[in-house]
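Asker: Let me begin by handing over the structure; questions about it come next.
The values are calculated or read from the model by the stated rules, or taken from the named source; none is laboratory data. Being a predicted model, the structure only gives us computed values, none of them experimental. Virtual Cβ from ideal backbone geometry, glycine too; neighbours counted across all protein chains shown. Quick note on the areas: whole protein, heavy atoms, side chains included, nothing else; ligands and nucleic acids left out. Shrake-Rupley method; radii C 1.70, N 1.55, O 1.52, S 1.80 Å.
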Amino acid sequence: VVSTQSTGSSGINAEYGAGGYGSSNSFNSQPPRQYGNDENLEKQEELNDTVDTEVVQPEKLVEDEFRKREEDLERREQQLREEQRRLEDARVYGDRVPNFPPIPSFFPCAPCVYHNIDFDIPPEHQVSVRRVFYHWQFTVFCYLFNFVVCFGMICSLGTSAGSAFGLSLLFACLFIPLSFLTWYRMLYNAVRQDSSMRYMLFFFTYGFQVLVSGIGALGVGGGGFAGWITAFATMEKNKVLGVLGILNSLAWCANCLIAVYLIMQIHKTYRSTGQSMEKASGEFAASAGSSRSFGQAVLRSL
């Protein structure tokens, strides 16, 4: 039995003694190396980077979304302000409070008419009406400049230019308001009310303005306009006044050409909107309280 146990123990020692679990070398040896630790660390770092990126990207998205919402809010505020302005204009429009010409409140006189192209005129006709309004402003400049030249003539030439000065003052005081009321305001109301009758009256009065501009450019002596004839006659006595007269003549020539161009453009608009002589005669007859034939006859005579 003893021999058998010794033999067994020696066999066990022989089996586990050289680095086996029962030997001292087995307890002193390092634990087995775990492969894949470096790969796990790299994967962990990549995962952290991905998380950081995912955290940063939502922040950028939030900023972009906030910016878009801010722009949308600003646009809505602008729309609300415009709507508020239109409502205020609508309130004023209902009262028709005069606002033109824009006279300061401390002046003894007040505005005469209500004038608002953006509100009264349809968008498709605002350009044409504005052009005629700018032409009216240029016409005011022509009358005032003509008056200044004639005033210089009477100061330089004496009483020989007295009639030209007096008529230029009369034309400036009379034709400036009349031109606004008779042809510009007529077109303004024609477009606003879609009135064929007012269109026809505008063509008549605007044609008269073309005639006046031509006479102003010609400048018959003593006729109240320092045009070509008066300018060349004055050049011999005063070159400065002669040059001013030539400039005045050029201004009236430009005024006449602009009027011809605009009346052609307005006539195209008149045709495109379906206006006609029959419609104008009907409106005139209704406003005058007489027969249709009477209104048609008057319009034909005009």
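Asker: At a Förster radius of 35 Å, what calculated FRET efficiency corresponds to the Cβ-Cβ distance of Leu181 and Glu236, to the nearest 0.05?
Answerer: 0.30
Asker: Expressed as a whole percentage, what fraction of the accessible surface of the stretch 181-264 belongs to carbon and sulfur atoms when a 1.4 Å probe is rolled over the protein heavy atoms?
Answerer: Carbon and sulfur: 76 percent of the exposed surface of the stretch 181-264.
Asker: Still on this model: Which residues does the label zone of Phe141 cover in the stretch 245-270, counting backbone N under 18 Å from a point 7 Å along Cα→Cβ?
Answerer: The answer is 245-262, whose backbone nitrogens lie closer than 18 Å to the label point.
Asker: I would also like to ask the following. Can you list residues from other chains, or at least 5 along the same chain, whose modelled amide H is less than 5 Å from the amide H of Val113?
Answerer: For Val113, whose amide H was placed from the backbone, the distant partners under 5 Å are Asn99, Phe100.
Asker: Under a Cβ-Cβ cut-off of 14 Å, what is the net charge of the residues other than Ala231 that fall near it, where Lys and Arg count +1 and Asp and Glu count -1?
Answerer: +1
Asker: May I ask for the distance between the Cα centers of the stretch 257-275 and the stretch 137-176, given as a whole number of Å?
Answerer: Result: 31 Å between the Cα centres.
Asker: Sorting check: for 97-110, 225-238, which peptide has the highest mean count of neighbouring beta carbons within 10 Å, and how do the rest follow?
Answerer: So the order, starting with the most tightly packed, is 225-238, 97-110.
Asker: Also: With θ taken as phi - 60° and the coefficients 6.51, -1.76 and 1.60, list the Karplus ³J(HN,Hα) couplings across the stretch 238-254 in order, rounded to whole Hz; mark glycine and proline as x.
Answerer: Residue by residue, the stretch 238-254 yields 8, 5, 5, 5, x, 5, 4, x, 5, 4, 5, 5, 4, 5, 5, 5, 4 Hz.
Asker: Over the stretch 74-217, what is the mean sequence separation of C-alpha contacts under 8 Å (at least six apart), divided by residue count, expressed as relative contact order in percent?
Answerer: Relative contact order, the stretch 74-217: 16 percent.
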